[in-house]
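Inspection log for the structure reproduced underneath, given as structure tokens.
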Amino acid sequence: MIKAFRLIAILEGISYLLLFGVGMPLKYMADIKAPNIYIGNAHGVLFIAYAILAFFVCRQLKWGIKRYAILFIASLLPFGTFYIEEKYFSPKALKA
């Protein structure tokens, strides 16, 4: 489950950056709305998957609500999921 969470965390972070870096500028600066729909839908699915997997990973590792809150808040920040993935779920961090 941790491998799946790591993958979803990275994909969710990428989709978040694509949404703000590509989709929004195209929508508001170039009046091209189509890419924003697809990127937004993908990001929404990945965000929900991230939140659900974060809950189950916290249960699996016997982490409390505070750690889950940190994981969830990181999903709301640009680059937050990359930081969380490296800090808590990299092979080096899991050994410690």
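The values are calculated or read from the model by the stated rules, or taken from the named source; none is laboratory data. No experiment lies behind these values; they were computed from the predicted model shown. With ideal geometry, Cβ positions are generated from the backbone for all residues, glycine too; neighbour counts draw on all protein chains shown. Areas reflect the complete protein model, heavy atoms only, side chains present, ligands, DNA and RNA absent. Shrake-Rupley method; radii C 1.70, N 1.55, O 1.52, S 1.80 Å.
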The chain: angle of helix 2-18 to the longest principal axis, Cα-based, in degrees nearest 10: 30
Area of residue 14 that stays accessible when all protein chains are in place (1.4 Å probe, Å², to 10): 80
C-alpha long axis of helix 80-89 to longest principal axis of the chain, angle in °: 20
Residue 67 - accessible surface, heavy atoms, 1.4 Å probe, Å² rounded to 10: 70
Sum of side-chain charges, residue 25 neighbourhood, beta-carbon under 15 Å (Lys, Arg +1; Asp, Glu -1): +1
Which label in [x] 123; [y] 181; [z] 80 gives the computed volume of the Cα convex hull per residue in Å³: [z]
Relative contact order %, segment 40-96, counting alpha carbon pairs below 8 Å whose residues are six or more apart: 21
Near-label residues of segment 1-30 by backbone N, under 12 Å of a point 7 Å along Cα→Cβ of residue 94: 1-7
